[in-house]
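Encoded as C-alpha cells, the structure appears first; notes follow it.
The values are calculated or read from the model by the stated rules, or taken from the named source; none is laboratory data. Please read these numbers as outputs of a predicted model, since none were measured by experiment. Note: ideal-geometry Cβ built from the backbone for every residue, glycine included; neighbour counts use all protein chains shown.
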Amino acid sequence: MIPILSIVGPTATGKSEVGIVLAQAFNGEIISADAFQFYHGLDIATAKIPLDAQQSIPHHLLDILDPNDDFSVYQFQKCVHAKIDELRERGKTPILVGGSGLYLKAVLYDYRFIGPKRRDDHPYVRLSNEELYELLRQRAPEASSDIHPNQRRRILRCLEIIDSTGQLNPESDVIPSELHPLIIGLEMERPVLYQRIEKRVDTMLDMGLLAEAHMVYTEYRHTQVAQAIGYKEFFPYFEGDIRLEEAIRLVKQHSRNYAKRQMTWFKNQMDVHWFLRDADQLERSQKQVIDFVKDFYK
C-alpha cells in the first residue's frame, strides 16, 4: 500500500520546502492543507508556494476557490479523500502539507460528520448575523473564535447541533482512520521561530503585501478571507485609525501568537513525529526527515 505522509507544524517552520523534498524522494505530489491557500489571488499573506515550485512538483487544492466562496471542513475532507485515491491509483505518494489543524484532522483521523440537518423554518433563521454570532459566542465561545460573524450557514448549523445534542462540537465523530498516515511535525526554538516570522513579514511587505491587503479590504472585506492574518491588521490603517508601523507590528504579533496556538493544537490533537529544525542547518533536518520516513516504512 502506498503510504500517506503529512507535514504539519507552526507557520514559518518550512513545511512547504520539506514537503517538496519528500515529494522528490518518495515520488509524491502535494495536497495543500492551508485554509487560505485554497483561494486564488491570495498569494503573499498566505505564503503560497511559488509557481515554479508548483511546476516541479504538482500541488493540489491551491487556487481552487473564489474569495467569496465558502469551503467547509466536510467539503475539504471529501476533496482530499478523492485526491488521495487518484494519486494512489497513479502510483504517487499523497503528501498533505499545511497548518490548518482541523482540516488535516478531518482527513487524517477520519471525521464522520453527524447531526441534524438545518431546517429553513427554524426560529434562528429570522435572526441577524450579529444576533446569531452573539448567541453562538455565549453558548460556545471556543467554537465562535474560529468562525467569522458573516458565516451565517455555519453559525446556524452549530447552534442547531448544540440544541440537539448539548455538545460543544458534536458535528463530527472521530474514528480511527483507515489511511494510516505518517505525520511529520516541524518545530523550532521559539526565539528562532519568532525571528523567522518577523523576517518573513518584512519579505512579504517587499513583495507587495500592502497592495494585496488593500485588495481584500476593498473587494472581500465581508468574507471569511478578510480574517486572515496579514489582511485584517491593515484595515484600521486603510481607515486612518492607526499608523502603518502599528499595523505591521500587529501582523507580526498575531503571526507569533498564531504559531504558538498551532503548536499547542498539534501537540494536543494529533499523533505527530516531531523534528526540531535548526535554521542554520535546514538541509540536515530535511535529510533527517527523509531517513526517518525510509526507516519507518522498511
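Annotations for the structure displayed:
- Every condition in (1) at pLDDT 95 or above; (2) surrounded by 14 or more Cβ atoms within 10 Å (Cβ to Cβ) holds for D206 except the one numbered (2).
- Within region 1-98, helices (runs of 4 or more DSSP H) holding 3 or more residues that are of a type in the set (V, I, T): 15-25, 73-89
- Restricting attention to region 244-281, the residues being over 26 Å from A228 (Cβ atoms) and either modelled with pLDDT under 90 or in a helix (DSSP H, G or I) (or both) number 3.
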